[in-house]
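The values are calculated or read from the model by the stated rules, or taken from the named source; none is laboratory data. Worth saying up front: this structure is predicted, and the values here are computed from it rather than measured. No Cβ is skipped: glycine too gets one built from the backbone with ideal geometry, and neighbour counts run over all protein chains shown.
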Amino acid sequence: MQRYFVSPEQVGSDSVYLEGEDARHLAAVMRARPGEEFIACDGSGTEVLAKIETIEQGRISAAIVERRTSLAEMSWRVTVAQSLPKGDKLETVIQKGTEAGAASFQPFLSQRTVVQYDERKEAKRLERWRKIAKEAAEQAHRGIVPEVAAVCSWKSLVAGMARFDLTLICYEEEGRRGTGLRTALASFQERFAKDSGKAPSVLLIVGPEGGFDPREVEQAAEAGAVAVGLGRRILRTETAALVALACIAYESGELGG
């Protein structure tokens, strides 16, 4: 069944409507007809099952059959901070990270960032990144569309670490020393258990193709981050966040057990 994210204003007490590209897709591409159903999500975790009543040019109106809370979100809110990689690698991180359950993404520039950042192209790229997150969230049956923030500096990222309950910085040297992500997560869970009922917020920081400069890791640690390894192998920058998200999902009970 087709799923679409809509603004809260599009959802009424007993009706919902699609417009623009979503309406065109459902009518022209999926060839929907009155009486057929689709799911609309308001982006805040609430979704409705709706039955199409009318199809007009650029607009589809539907009656709400059922209203429910999405159960597809991780219990931990994980923000993936990814040092800007070359080519379309960030698109992969956003698409697959959304499928894996990330709540938001924060691209940033670090000392060894390889790509040449062009601020003039930022708005266009940001629009594309957000579209990728929306489409991936629909495909994965998410209840929210992960936020994709504008590219920030390393200094700005470090300054914002205090907003999170846990900040993890992935560093290959810790992997070689055997300081793994699992140990850090287990320690955090033991401490955070005292704040029962609160969904923890986690900042997961992944470096560029060339890795972090040691001084950057020191700066992150001074701001409260925990440096962790993702095993004894060296991962590509676009792989690291996905491996870490899977580990967090497992350790937080997302996968059962």
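At a glance:
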| read-out | value |
| --- | --- |
| Residue satisfying all of: in the stretch 47-70; in contact with a helix residue (DSSP H, G or I) (Cβ under 9 Å, 6 or more places away or on another chain) and not aliphatic (A, V, I, L, M); nearest to residue 14 (Cα to Cα) among these | 59 |
| Selection within the stretch 165-181 - surrounded by 15 or more Cβ atoms within 10 Å (Cβ to Cβ) and either at pLDDT below 75 or in contact with a helix residue (DSSP H, G or I) (Cβ under 7 Å, 6 or more places away or on another chain) (or both) | 165, 166, 167, 168, 169, 170, 171, 175, 179, 181 |
| Only one of 158, 202, 217 that is within 25 Å of residue 43 (Cα to Cα), outside any loop (DSSP other than H, G, I, E, B), out of contact with any His (no Cβ under 6 Å at 6 or more places or on another chain) and touching a residue at least 24 places away in the same chain (Cβ under 8 Å) | 202 |
| The stretch 140-153: number of residues that are free of Cβ contacts under 8 Å to residues at least 60 places away in the same chain and surrounded by fewer than 20 Cβ atoms within 10 Å (Cβ to Cβ) | 5 |
| Some residue of the stretch 185-196 being farther than 30 Å from residue 232 by Cα and either at pLDDT 95 or above or part of a loop (DSSP other than H, G, I, E, B) (or both) | yes |
| Set 145, 243: member being hydrophobic (A, V, I, L, M, F, W, C) and either outside any helix (DSSP H, G or I) or farther than 28 Å from residue 95 by Cβ (or both) | 145 |
| Output for the stretch 4-24, where each listed residue is more than 19 Å from residue 66 (Cα to Cα) and more than 24 Å from the chain's Cα centre (by Cα) | 19, 20, 23, 24 |
| Tally, over the stretch 75-90, of residues that are among the basic types (Lys, Arg) and under 12 Å from residue 149 (Cα atoms) | 0 |
| Out of 32, 23, sole residue that is in a helix (DSSP H, G or I), at pLDDT 90 or above, among the aliphatic types (A, V, I, L, M) and not assigned by TED's automatic domain parsing to the domain that holds residue 127 | 23 |
| Qualifying positions in the stretch 64-87 - part of a loop (DSSP other than H, G, I, E, B) and loosely packed, with under 12 Cβ neighbours inside 10 Å | 71, 75, 87 |
| Scope the stretch 35-56; condition modelled with pLDDT of 95 or more, surrounded by fewer than 19 Cβ atoms within 10 Å (Cβ to Cβ) and either assigned to a helix (DSSP H, G or I) or out of contact with any Lys or Arg (no Cβ under 9 Å at 6 or more places or on another chain) (or both); matching residues | 51, 53, 54 |
| Positions within the stretch 95-128 being buried (at least 20 other Cβ atoms within 10 Å of the Cβ), of a type outside the set (A, V, I, L, M) and part of a helix (DSSP H, G or I), in sequence order | 97, 98 |
| Sole exception among (1) surrounded by fewer than 18 Cβ atoms within 10 Å (Cβ to Cβ); (2) within 14 Å of the chain's Cα centre (by Cα) for residue 156, by number | (2) |
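Here is a yes/no grid of residues against (1) within 22 Å of the chain's Cα centre (by Cα); (2) hydrophobic (A, V, I, L, M, F, W, C):
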residue: 36; (1), (2): no, no
residue: 40; (1), (2): yes, yes
residue: 45; (1), (2): yes, no
residue: 80; (1), (2): yes, yes
residue: 85; (1), (2): yes, no
residue: 110; (1), (2): yes, no
